[in-house]
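The values are calculated or read from the model by the stated rules, or taken from the named source; none is laboratory data. Keep in mind that this is a model prediction, so the values were computed, not measured. Note that each Cβ is placed from the backbone with ideal geometry, even for glycine, and that neighbours are counted across all protein chains shown. In case anyone asks, the SASA skips ligands and DNA or RNA and just uses the protein heavy atoms, side chains included. Shrake-Rupley method; radii C 1.70, N 1.55, O 1.52, S 1.80 Å.
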Amino acid sequence: MERNLKNVLVISFGFLLLFTAYGGLQSLQSSLHSEEGLGVASLSVVYAALILSSMFLPPILIKKLGCKWTIAGSMCCYIVFSLGNFYASWYTLIPTSVILGLGGAPLWSAKCTYLTIAGNSYAEKAGKNGKDIINQYFGVFFLIFQSSGIWGNLISSLIFSQASNRVEISEENLACCGAYDCLTDTTNTTGLAEPSNSLIYTLLGIYTASGVLAVLLIVIFLDQIKPDQAETEKEILETPSFCSTFLATFQHLKDKRQCLLIPLTMTSGFEQGFLSGDYTKTYVTCALGIHYVGYVMICFSSVNSLCSLLFGKISQFTGRKLLFALAAVTNTACIIALLLWKPHPKQLAVFFVFPALWGLSDAIWQTQTNGLYGILFEKHKEAAFANYRLWESFGFVIAFGYSTKLQVYIKLYILLSVLVLSMVMYGAVEYLEAKSSPGTPTATKKENVGPLTEETDM
């Protein structure tokens with residue numbers, strides 16, 4: 001096997017093992033640690049720390065440690081978060097969430113840098129186009145990585161399904177599920193909402209072991225960057241200082257289009273935050289039990305991955321406007337239905353319909369918004385995508401931050417309001433584009449932005 005391809009596979013399977021653990025834990029936080037909103041508070045802290053981390057840590061760590069050891073060290077931050085879940089409290093989970101958030105940005109930046117260097121190195125030796133090889137490497141990476149959402153959630157559901165303490169959920173308890181939840185810890189009274197400590201420790205043990213295996217895989221099998229690649233690495237890592245990057249990010253807000261796209265970018269954080277923080281707790285766990293959370297999120301992840309591939313290909317025929325409209329209509333229909341629907345165990349199929357539709361719309365938000373940024377701000381991509389990460393993460397922070405303070409129906413109205421505002425603002429962006437180039441159709445080509453699309457998964 002060609003050596004660079006071997007390294008790509010090592011990184012891919014390392015990320016698969018790591019995010020099998022983190023993805024499963026993220027889906028369970030609101031249900032597993034529902035007391036005083038500890039679970040969603042920890043997720044809010046993770047994304048707040050990620051915002052700070054992305055501004056200055058990646059170039060510093062990669063220059064000091066190199067790509068390999070930055071990846072290995074950042075992965076250890078995720079293991080610390082898994083360990084914090086063993087004895088979850090405000091004094092353990094919040095600090096470990098900060099550590100995870102700080103490690104998230106260097107991890108993804110080092111991965112992108114390493115794959116880029118490997119692609120350019122092989123292309124130079126084989127006499128091929130560097131961009132084509134890099135695209136192939138990222139394609140291999142995401143093909144393997146995206147299945148982590150399936151495995152992590154499958155493990156949690158299989159383990160929690162072994163519990164013998166399931167109880168019949170009373171109609172009185174079911175009345176506190178759904179949009180008009182009782183703002184109390186209702187999940188504690190429903191079937192399997194509190195799995196035994198032995199099952200929780202078993203799950204956390206598997207997740208922690210998965211993270212440790214990921215680190216060992218990187219440390220043992222991932223090659224260091226060769227000396228003859230030093231110049232390539234230097235070029236890639238010649239990033240501006242923290243101050244200049246920080247200023248460039250906010251100077252980019254002088255562009256009207258960037259300001260108009262803020263609600264659209266935040267929508268991605270809001271809608272993902274609602275699904276993993278509120279839907280899993282007040283609909284799935286409340287009415288069915290925590291053992292169904294994994295199966296529901298598998299449905300979301302599977303549809304999301306398939307639709308990301310599908311919409312990435314058909315956007316060149318349909319154009320982005322039609323796809324954005326489809327996502328908006330789908331999300332709006334789901335929000336209205338969630339406001340009206342009273343979840344009940346007898347309606348099992350309905351619990352999977354919503355994450356499937358949510359996965360369809362999220363695939364559009366992710367692929368098309370990334371593509372839109374790449375097309376509109378081609379000359380200022382670094383500042384533009386810094387804004388993308390900033391505002392999407394800000395949407396996560398807000399969504400998780402108010403999760404325990406408001407009833408679900410209020411959060412659904414907020415999500416609907418942000419969605420409507422984002423579509424109005426997006427329409428204004430398309431109008432400005434059409435006005436600036438009346439003789440040229442708005443570009444619909446989706447650029448390759450795979451490595452940026454998945455950074456929301458931490």
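Figure legend. Inter-residue proximity from the stretch 421-433: first residues open to solvent by 40 Å² or more (accessible area, probe 1.4 Å), second residues part of a helix (DSSP H, G or I), beta-carbon distance below 7 Å, spacing 6+ or different chains. Indicated pairs: Leu421/Pro263; Met423/Ala328; Met425/Leu260; Met425/Pro263; Met425/Leu264; Leu432/Lys256; Leu432/Arg257. In the condition set (1) more than 15 Å from Ala88 (Cβ to Cβ); (2) open to solvent by less than 10 Å² (accessible area, probe 1.4 Å); (3) under 18 Å from the mean Cα position of the chain (by Cα), Ile62 is compliant with all but (3). Please go through the stretch 188-222 and give me each residue that is modelled with pLDDT under 90 and surrounded by fewer than 16 Cβ atoms within 10 Å (Cβ to Cβ), ordered by number. Result: Asn188, Ser196, Asn197, Ser198. Contact annotation: residue pairs with Cβ atoms under 9 Å, 6 or more positions apart or on different chains, pairing a residue in the stretch 38-54 that is farther than 10 Å from Gly101 by Cα and open to solvent by less than 20 Å² (accessible area, probe 1.4 Å) with a partner that is of a type in the set (D, E, K, R) and part of a helix (DSSP H, G or I), are Gly39/Lys281; Val40/Asp278; Val40/Lys281. Considering Pro106, Pro95, the condition of being open to solvent by 10 Å² or more (accessible area, probe 1.4 Å) and either under 17 Å from the mean Cα position of the chain (by Cα) or not hydroxyl-bearing (Ser, Thr, Tyr) (or both) is satisfied by Pro95 alone.
The residues of the stretch 109-142 that are surrounded by fewer than 20 Cβ atoms within 10 Å (Cβ to Cβ) and free of Cβ contacts under 8 Å to residues at least 60 places away in the same chain, listed by number, are Ala123, Glu124, Lys125, Ala126, Gly127, Lys128, Asn129, Gly130, Lys131, Asp132, Gln136.
Of all residues in the stretch 257-296, those satisfying the criterion of being of a type in the set (A, V, I, L, M) and open to solvent by less than 10 Å² (accessible area, probe 1.4 Å) are Leu261, Leu264, Leu275, Val284, Ala287, Ile290, Val293, Val296. When Ile398, Ile375 are checked against the criterion of being aliphatic (A, V, I, L, M), within 16 Å of the chain's Cα centre (by Cα), assigned to a helix (DSSP H, G or I) and surrounded by fewer than 21 Cβ atoms within 10 Å (Cβ to Cβ), Ile398 stands alone in meeting it. Could you please let me know if Gln316 is surrounded by fewer than 24 Cβ atoms within 10 Å (Cβ to Cβ), without any contact (Cβ under 8 Å) to a residue 12 or more places away in the chain and assigned to a helix (DSSP H, G or I)? It is false that Gln316 is surrounded by fewer than 24 Cβ atoms within 10 Å (Cβ to Cβ), without any contact (Cβ under 8 Å) to a residue 12 or more places away in the chain and assigned to a helix (DSSP H, G or I).
Against the list (1) of a type in the set (A, V, I, L, M, F, W, C); (2) at pLDDT 90 or above; (3) under 23 Å from Lys411 (Cβ atoms), the condition Ala287 fails is (2). For the stretch 342-372, a residue qualifies if it is surrounded by fewer than 17 Cβ atoms within 10 Å (Cβ to Cβ) and in contact (Cβ under 8 Å) with a residue 60 or more places away in the chain, and the qualifying residues are Lys342, His344, Pro345, Leu348.
Please go through the stretch 23-33 and give me each residue that is open to solvent by 10 Å² or more (accessible area, probe 1.4 Å) and within 15 Å of Thr96 (Cβ to Cβ), ordered by number.
Gln26, Leu32, His33
Would you confirm, using the coordinates I've provided, whether Thr367 is β-branched (Val, Ile, Thr) and in a helix (DSSP H, G or I)? Here the answer is yes, as Thr367 does meet what is asked.
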